[in-house]
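The values are calculated or read from the model by the stated rules, or taken from the named source; none is laboratory data. Note that the coordinates shown come from a computational prediction; the quantities given were computed from them, not determined experimentally. Note: ideal-geometry Cβ built from the backbone for every residue, glycine included; neighbour counts use all protein chains shown. Accessible surface is based on the protein model in full, side chains and every heavy atom, while ligands, DNA and RNA are left aside. Shrake-Rupley method; radii C 1.70, N 1.55, O 1.52, S 1.80 Å.
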There are 2 protein chains.
Amino acid sequence: MTSQAAPLTTGPVKVVGTGLLGTSIALCLAGQGVPVQLSDASPSALALARDMGAGEPVHDASPEPAVVVVATPPDVAGPVVLDMLRRHPAAVVTDVASVKAVIAAEVAEGADDGARTRYVGSHPMAGRERSGAIAADADLFAGRPWVISAADDASPAAAGAVRALALDVGALPVPLAPQEHDDAVALVSHIPQLAASLVAARLVDAPEAALSLAGQGLRDVTRIAASDPRLWAAILVGNAGPVAAGLRELRADLDALIDSLDRAATAGPLAPGAMGALSAVVSAGNTGVGRVPGKHGGAPRRYATVQVLVPDEPGELGRLFGEVGEIGVNIEDLLLEHSAGARVGIAHLSVVPAAAAELEQELTTRGWRVVAE
Amino acid sequence: MTSQAAPLTTGPVKVVGTGLLGTSIALCLAGQGVPVQLSDASPSALALARDMGAGEPVHDASPEPAVVVVATPPDVAGPVVLDMLRRHPAAVVTDVASVKAVIAAEVAEGADDGARTRYVGSHPMAGRERSGAIAADADLFAGRPWVISAADDASPAAAGAVRALALDVGALPVPLAPQEHDDAVALVSHIPQLAASLVAARLVDAPEAALSLAGQGLRDVTRIAASDPRLWAAILVGNAGPVAAGLRELRADLDALIDSLDRAATAGPLAPGAMGALSAVVSAGNTGVGRVPGKHGGAPRRYATVQVLVPDEPGELGRLFGEVGEIGVNIEDLLLEHSAGARVGIAHLSVVPAAAAELEQELTTRGWRVVAE
């Protein structure tokens, strides 16, 4: 579990579907003493989740849940949500499916006015390559975004209950209307998934010798191409409009790219406009990836980066971060360029701009070599 | 340095171009006691490489090199190779440009019969999104394929010398004729690069809220989109034919995909053939990524990663790295995933695989929460 404080969620939570997400949520809540009721169509999946300490299977004597979390596959989430709204007339009901507008529409159509106010969809942006309860982890959501997708007629109290659930599992609530959410995940999840699949599909008939040249770049681009086809077909159908729209924009860029390459193939580097068009494509990619928060996308632009040379010896990193801790500046993001065999590595410390000058000066005073970005 | 045994390369090695690849090769060879002569048009780039321990700048009294490695940008590699063949009449000359047929043609046309036998192109399948000597790493080539691309008239001795160089930096030599090489890298490198750029380009105008949902999948797919536009434009122009051919096949799949999504958007999951076509795309991706050497397309990585939850308080990072220092495990690379507003960040510690289990256990014993990768 992530939270040190007492959980915001009190009353019983019913988790429907003990797969990776459902069991991870249940594990984290149960670990904080929240009574969790488990339900799954598969008795063996249910037993596994219980044996992992995720809660108790729901039974006739189970108290009415305060919150119901529907963690079924996305294509059945809508009907299950409607069923739960009917079965538990006092409960707040949410789901964790990766598309939200379709389910919101099913609820708007299938639930009466009173019930509609008790539904608030959500989407935890967390997952793993392995699926099922066996891969569940109470820390799965720690520090991850968790979309709270309230329709216009949802009650503030219901939205608050789902937000509390997200906070209890250590996630970051991100309020987004259902359609905003679907447009967003088309860009940051569904289109990247399809691009990975399309690139990987080119390898089906590739010569062995070509595959033997595979590097980290290909592995990174195609890693998620290993995803479950049935699950993804359901996700894509559920978000077909926004995904198709994004892919049309991508295809327009692709057409221009192929055209430039054709001209370069015949006329070489001096083909008018070819070099310009090709660098423009990669350059636009630079700009786009630069906007991705954290990790490989680099720190968000709002941070300043201080680069420190770190002698290539064990313990030096510990000394650096120990002293950064003493200085009392919080590191927002960091990256180490560790050149094994070189005499130094370079630690890139991202801090709020206001703190950069102090950190730079303090580190220099303590004998560290700070280099320009 | 990578190799434990004495290097196969003995005589002086001249490295022309102290960028990422040139400096990494130089660092690794110098680390094994091979005399390395550095040359670069930019005095500051040259000085940086020397300061990193990559070798000494070439000067009038430098002995004749046994091997010359041309590590300039690909669009000037051909002329520089020809110049080196003339200047060093006894040396074996290779280049590390990522296209081979164009350069082979330039050498065949520009060098006399004797000189031609001393040229053997090569292509180390290694790199990173950051460029320049500052990003150099003596282990950059460890376990990576290194294409040895000998034209028909190259001498076996020259091919052997380039093969020895590849082995000395820990790479795996892969013999491929120039055109075979170019067709292969279109599939495993150039098309993935462009796909990453096209996906990242979609993010240029994305709302902040959408970007805040970015997960590891997007980060992996777009990581290489941070590559240098000028360098890539030159690479792509040099391999325009094979890349355009591969992109046409990709576009055909993309068109079918958009068509299926359009039908699903109007008729829903029951749109005839839509689910089937969408799963087929993802399924073909499964097959393709399954052919990439290494588990689920995941690298035989140089390092294992241990993920540790770090409370978002000043000093906690210092405490973590202090204790990592006490444990005595050297951190090869690290990244901090820090979502603003989260109570925790996630530190990704890269260590040699043999040390991962110990580090994970020691950290857990000390009360840190370690998340499975």
Just one listed residue, out of A:Ala256, A:Ala271, A:Ala265, is farther than 30 Å from A:Glu106 by Cβ, surrounded by 18 or more Cβ atoms within 10 Å (Cβ to Cβ) and more than 7 Å from chain B (Cβ to nearest Cβ), and it is A:Ala271
Would you confirm whether or not the range A:105-112 contains a residue that is in contact (Cβ under 8 Å) with a residue 40 or more places away in the chain, in contact with a strand residue (DSSP E or B) (Cβ under 6 Å, 6 or more places away or on another chain), within 24 Å of A:Val169 (Cβ to Cβ) and open to solvent by 10 Å² or more (accessible area, probe 1.4 Å)? no
Flagged in the range A:237-253 as closer than 20 Å to B:Thr222 by Cα and at the interface with another protein chain (Cβ under 8 Å from one of its Cβ atoms), in numbering order, are A:Val243, A:Ala244, A:Gly246, A:Leu247, A:Arg248, A:Glu249, A:Leu250, A:Arg251, A:Asp253
Inspect all residues belonging to the range B:293-311 and state whether any of them is at pLDDT below 85, open to solvent by 50 Å² or more (accessible area, probe 1.4 Å), part of a helix (DSSP H, G or I) and closer than 24 Å to A:Ala195 by Cβ.
yes
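Tell me whether the range A:219-227 contains one or more residues that are part of a loop (DSSP other than H, G, I, E, B), facing chain B (nearest Cβ under 7 Å) and modelled with pLDDT under 95.
Checked the range A:219-227: at least one residue is part of a loop (DSSP other than H, G, I, E, B), facing chain B (nearest Cβ under 7 Å) and modelled with pLDDT under 95.
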Selection over the range B:47-77 where residues are surrounded by 20 or more Cβ atoms within 10 Å (Cβ to Cβ) and more than 14 Å from chain A (Cβ to nearest Cβ) yields a count of 7
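Got a sec? Which of A:Thr72, A:Thr94, A:Thr18, A:Thr9 is touching a residue at least 60 places away in the same chain (Cβ under 8 Å), more than 14 Å from A:Ala166 (Cα to Cα) and among the hydroxyl-bearing types (Ser, Thr, Tyr)?
A:Thr18
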In the range A:10-38, residues that are surrounded by fewer than 23 Cβ atoms within 10 Å (Cβ to Cβ) and closer than 11 Å to A:Val69 by Cβ total 1
Subset of the range A:168-193, residues within 11 Å of another protein chain (Cβ to nearest Cβ) and open to solvent by 20 Å² or more (accessible area, probe 1.4 Å), comes to A:Leu172, A:Pro173, A:Val174, A:Pro175, A:Ala177, A:Glu180, A:Asp183, A:Leu187, A:Ser189
The lone condition A:Pro145 fails out of (1) surrounded by 21 or more Cβ atoms within 10 Å (Cβ to Cβ); (2) modelled with pLDDT of 95 or more is (2)
Would you be able to say whether some residue in the range A:154-167 is within 28 Å of B:Gly345 (Cα to Cα), within 14 Å of chain B (Cβ to nearest Cβ), open to solvent by less than 20 Å² (accessible area, probe 1.4 Å) and among the charged types (D, E, K, R)? no
Picking from B:Val199, B:Val221, B:Val243, the residue that is among the β-branched types (Val, Ile, Thr), farther than 25 Å from B:Pro145 by Cβ and not assigned by TED's automatic domain parsing to the domain that holds B:Val96 would be B:Val199
Filtering the range A:330-373 down to residues that are modelled with pLDDT under 80 and part of a loop (DSSP other than H, G, I, E, B) yields A:Asn330, A:Ile331, A:Glu332, A:Ser339, A:Ala340, A:Gly341, A:Ala342, A:Arg343, A:Val352, A:Ala372, A:Glu373
Of the conditions (1) crowded, with 18+ Cβ neighbours inside 10 Å; (2) touching a residue at least 60 places away in the same chain (Cβ under 8 Å); (3) under 23 Å from A:Ala177 (Cα atoms), the single one that A:Val81 does not satisfy is (2)
The correct count of residues that are within 7 Å of chain A (Cβ to nearest Cβ), open to solvent by 20 Å² or more (accessible area, probe 1.4 Å) and among the polar types (S, T, N, Q) in the range B:194-218 is 1
Worksheet item: Has the range A:117-132 got any residue that is open to solvent by 50 Å² or more (accessible area, probe 1.4 Å) and not in a loop (DSSP other than H, G, I, E, B)?
Response: no
